[in-house]
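Undergrad: Structure in C-alpha cells, see below.
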Amino acid sequence: MKRPVHLSTPLAPESIRNLKVHDIVTLTGTIYTARDMAHLKLKELKESGRPMPEVFAGGVIFHAGPVVKKADKGFTLLTIGPTTSIRMEPHSDFMGDLGVKALVGKGGMGDGSLRAFKKYGMVYLLAAPGCGVLHAQAVKEVRQVHWLEEFGMPEAIWVLEVTEWGPLTVAMDSHGNSLFHTIKEEGLKKLDALVKDWKRSSA
Amino acid sequence: MKKIETKFGEAFYEALVRGVTGISPDILRLMEEALAEEKSPPAQAMLEAMLKNVELAQKLRKGVCQSPGIPCIYVRCGPKMAGIDVKKITGESIIRATREGYLRPSIVHPLTRKNTGDNSGPGIPNFEIELDPKLEYLEAIVSFKGCGPELFNTFRTFTPESLGKNLEGFKRFLLETVINAGGKPCPPIGLGIGIGGQMDGAAKLSRKAISTRKWNDQNPDPELNLLEQDIRDRINQLGIGPGGVGGKTTALAVKIGIAYTHTAICPVALNFHCWVGRRFGFKFYSDGTREEIL
C-alpha cells in the first residue's frame, strides 16, 4: 500500500487538487455525517435562504449513520461505517457549492459527481465497507448533533472529531478519474466472452 | 409469559448478541481464503481491514457493522412448540438489542420516513414461519445484512425465448446486474438467486437461499450445485474485488433456490448480500434445551 497523505480540516484546496486516484489519505479534524434526509434538508434551507447548521467550507461529509448511546454528558459513539454513496449522487454539485472538499463513503458515485469534483476541486474517499468498529476507533468526540429528533439516529447530522482516520482510498479525484468507472468498463469488456464461453454449465 | 417462552426469549437474545458481534464462521473462513489468494495490494488491504474489524467487534463486544438492515427471521415449528409466540418474542429481543446499542434504530415509516426509534414497526422483522407436523422442535434462523445491498436487488420475468439458448439471456442478466452494482453492495458479496414461482415466490427464494444456507455448503441438487459454482467463478472474473477496488474475489458465494413455475414464464430474483453476514440459528426443544445449527 502507498504511504498515506495526512490531511487536516479545514482542507486546503491545493492539497485536494494534488490527490489522484489510488492515493491513500488519513483525516484529522471535524467531519459531518449526512445521508439522504440531511442532504434534502440542507438543500431546502439553502433554497429558502435560511441559515445552514454548520459552515461546510473546506469540510468533510461522511455518508454514514452511527450507533450512538446517550452518555452523562453528550453522546458516546459505538460504531460508524460508510453507507452507499450513490444515493447522494444528486447532491454533489450542491455540496461543492457549500465548499465541501471531500465526500467519504462506499461504492463510489457517478458521472455528475465527477463533474462536480472537477468544477469545485473535490475528492471521493472510499472507507472500508462493513467496518463499523474499525472506523469508530478514529472518532475521539461527538461534538454536536443536528436534527436528531426530526430524523432519528442514522439520518441526523453528527459532528465528529476524528484523529488520523484511515487509511481512506482516493477513489475519485478532481481530474475526472474514477477507480469505479475503470473497473466497470473492464467488467463490461469481459461480459460477452464470459456469456459465450460459459463452459461446463449444467444448463 | 409461559416458562418455555421465557427460556426461548433468553436463548434467542443471547444468540442474537453473539450473532451481531461477529460474522458467521463459514463466511469468516471464506474471507480468510480470499485474503490468502488475493495478489493486489489494495484488495489485500481491504480484506485485512474487514477481518481486523471482525476481530475488534468480537473483542469489544460491539455490533460488527453499524447497519442492521431489516432483520429476517426464518422459523420452522413442530406442533409441540406451537404455543410459543415466536414473532412477539423475537421482535422484543430486537428492540432490547437496539436499546443496548448492538443495533442501530434504522426502521422508518416508508412514506413519512419517521424513525420508530427501536427497530419495531408493522412488518418488522421480516418473518417467515413454516409449520411442520413432523418436527419435535422449533428452529429459528436469523439473518442481518446491511441495507446497501438491497438497493441492487433485481427482478425480471423471463420467457422461454428470453432465457435464451444455453440460458445465455439469464447469464447475461446476472453478470450485467453484478457489474452495475460494482462496489456498492459491499463486496465480497453473497448472491441469492430465486428462480420460479411468481414474482413474490422468486423474491422470497432469493433472500432465503443466501440468508439461511452456509456459504460454503453444497446444493443438494447436483445440477444447481454446478450452476452455483459456475456463476460464482464467472462473477469473480469480473475483477470488481473487495470494496470495489479491484481484485480476485467479488463473490464469496452464490446460492440458488428454485420452485416450479408456469409454462409461460421464468421469474428470476437476485438478492445481494454484503460480506458482513451476521447470522445465527438454533433448534429449541420443549425441555428448554437448544442445539446450534449456524
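Undergrad: Treating only the Cβ atoms of Lys and Arg (+1) and Asp and Glu (-1) as charged, compute the dipole magnitude of the range B:156-294 about its Cα centre; round to the nearest 20 debye. Provide the component values of the computation, followed by the final result.
TA: On the way: 18 positive and 13 negative charges, 81 e Å.
I would put it at about 400 debye.
Undergrad: Stretched out fully, how many nm does the piece from residue B:112 to residue B:237 gain, at 0.36 nm a residue minus the Cα gap? Kindly include the intermediate steps, with their values, before the conclusion.
TA: Numbers: separation 125, 0.36 × 125 = 45.00 nm, distance 4.22 nm.
Stretched fully, the residue B:112-residue B:237 segment lengthens by 40.8 nm.
Undergrad: Restricting to DSSP H runs of at least four residues, report the calculated mean residue ellipticity at 222 nm for chain A, -39500 (n - 2.57) per run over all residues, nearest 500 deg cm²/dmol.
TA: -8500 deg cm²/dmol
Undergrad: How many angstrom lie between the C-alpha centres of the range B:32-60 and the range A:156-180?
TA: Cα centres, the range B:32-60 to the range A:156-180: 20 Å.
Undergrad: At 1.567 mPa s and 4 °C, plugging the Kirkwood radius over alpha-carbon pairs of the range B:140-254 into Stokes-Einstein gives what diffusion coefficient in µm²/s?
TA: Details: Rh = 14.8 Å.
For these conditions, the coefficient is 88 µm²/s.
Undergrad: What is the angle, in °, between the Cα long axis of helix A:36-47 and the longest principal axis of the Cα atoms in chain A? Nearest 10 is fine, range 0 to 90.
TA: Helix A:36-47 and the main axis of chain A meet at about 60 degrees.
Undergrad: When a/c reaches 1.5 or more, the comparison of a/b and b/c decides; with that in mind, is the range A:5-177 rounded, prolate or oblate per its Cα gyration tensor?
TA: Oblate.
Undergrad: Just how large is the dipole of the range A:73-189 about the Cα centre, in debye to the nearest 20, putting +1 at every Lys and Arg Cβ and -1 at every Asp and Glu Cβ? Before the final figure, lay out each step's value.
TA: Details: 11 positive and 13 negative charges, 40 e Å.
The calculation lands at about 200 debye.
Undergrad: Then there is this: Run the reach check for residue B:59 against lysines, Cα to Cα strictly under 20 Å, same-chain hits fewer than 8 apart removed. What comes back?
TA: A:69, A:140
Undergrad: If you count the DSSP beta bridges with both ends in the protein assembly as shown, what percent of them are antiparallel, to the nearest 5?
TA: Values: 50 of 77 bridges.
Here the antiparallel bridges make up roughly 65 percent for the protein assembly as shown.
Undergrad: Also, I was wondering about something else. Are there trypsin sites (Lys or Arg not before Pro) in the range B:4-90 that DSSP puts in a loop and that have at most 16 other Cβ atoms within 10 Å, and which ones? Don't jump to the answer; show the numbers that get you there.
TA: Numbers: sites: B:7, B:18, B:29, B:39, B:52, B:59, B:61, B:62, B:76, B:80, B:87, B:88; in loops: B:39, B:61, B:62.
Sparse-neighbourhood loop trypsin sites (Lys or Arg not before Pro): B:39, B:61.
Undergrad: Which FRET efficiency value, to the nearest 0.05, is calculated for residue B:52 and residue A:188 with the Förster distance at 25 angstrom and r the Cβ-Cβ distance? Intermediate values should be presented prior to the final figure.
TA: On the way: r = 33 Å, r/R0 = 1.31.
Plugging the Cβ-Cβ distance into 1/(1 + (r/R0)^6) gives 0.15.
Undergrad: Okay, moving on. Among rounded, prolate and oblate, which fits the protein assembly as shown when a ≥ b ≥ c are the square roots of the eigenvalues of its C-alpha gyration tensor, a/c under 1.5 means rounded, and a/b larger than b/c means prolate?
TA: On the way: a/c = 1.83, a/b = 1.23, b/c = 1.49.
In terms of gyration-tensor shape, oblate.
Undergrad: Between B:202, B:269, B:11, where does the largest GNM mean-square fluctuation fall for chain B, given springs only between Cα atoms within less than 10 Å?
TA: B:11
Undergrad: Can you list the cysteines of the protein assembly as shown that have no other Cys Cβ under 4.7 Å away?
TA: A:131, B:65, B:72, B:77, B:147, B:266
Undergrad: Around residue A:121, with a cut-off of 11 angstrom between Cβ atoms, what is the net charge of the other residues, counting Lys and Arg +1 and Asp and Glu -1?
TA: Working: positive: A:17, A:101, A:118, A:119; negative: A:14, A:173.
Here the charged neighbours net out to +2.
Undergrad: Run the numbers for residue A:150 and residue A:97: contour at 0.36 nm per residue of separation, minus the present Cα-Cα distance, in nm. List each step's numbers first, then the result.
TA: Values: separation 53, 0.36 × 53 = 19.08 nm, distance 2.52 nm.
Roughly 16.6 nm would be gained on extension.
Undergrad: Out of B:124, B:235, B:73, any idea which swings most in a Gaussian network model of chain B, alpha carbons joined below 10 Å?
TA: Between B:124, B:235, B:73, it is B:124 that shows the largest mean-square fluctuation.
Undergrad: Work out, step by step, the length gained on full extension between residue B:134 and residue B:216: first 0.36 nm times the residue separation, then minus their alpha carbon distance; give nm to one decimal. Don't jump to the answer; show the numbers that get you there.
TA: Numbers: separation 82, 0.36 × 82 = 29.52 nm, distance 2.79 nm.
Stretched fully, the residue B:134-residue B:216 segment lengthens by 26.7 nm.
Undergrad: Out of all DSSP beta bridges in chain B, what portion is antiparallel? Express it as a percent rounded to 5. Each step should come with its number before you reach the end.
TA: Numbers: 28 of 41 bridges.
The antiparallel fraction comes to roughly 70 percent.
Undergrad: Considering only B:112, B:250, B:98, give the residue with the highest GNM mean-square fluctuation for chain B, with springs between Cα atoms whenever their separation is below 10 Å.
TA: B:112
Values quoted throughout were computed directly from the atomic coordinates according to the rules given, and no laboratory measurement underlies them. Treat the numbers as computed from the prediction; the structure is a model and nothing was measured. A quick note on method: Cβ atoms are made from the backbone with ideal geometry, for glycine too, and the neighbour counts reach across all protein chains shown.
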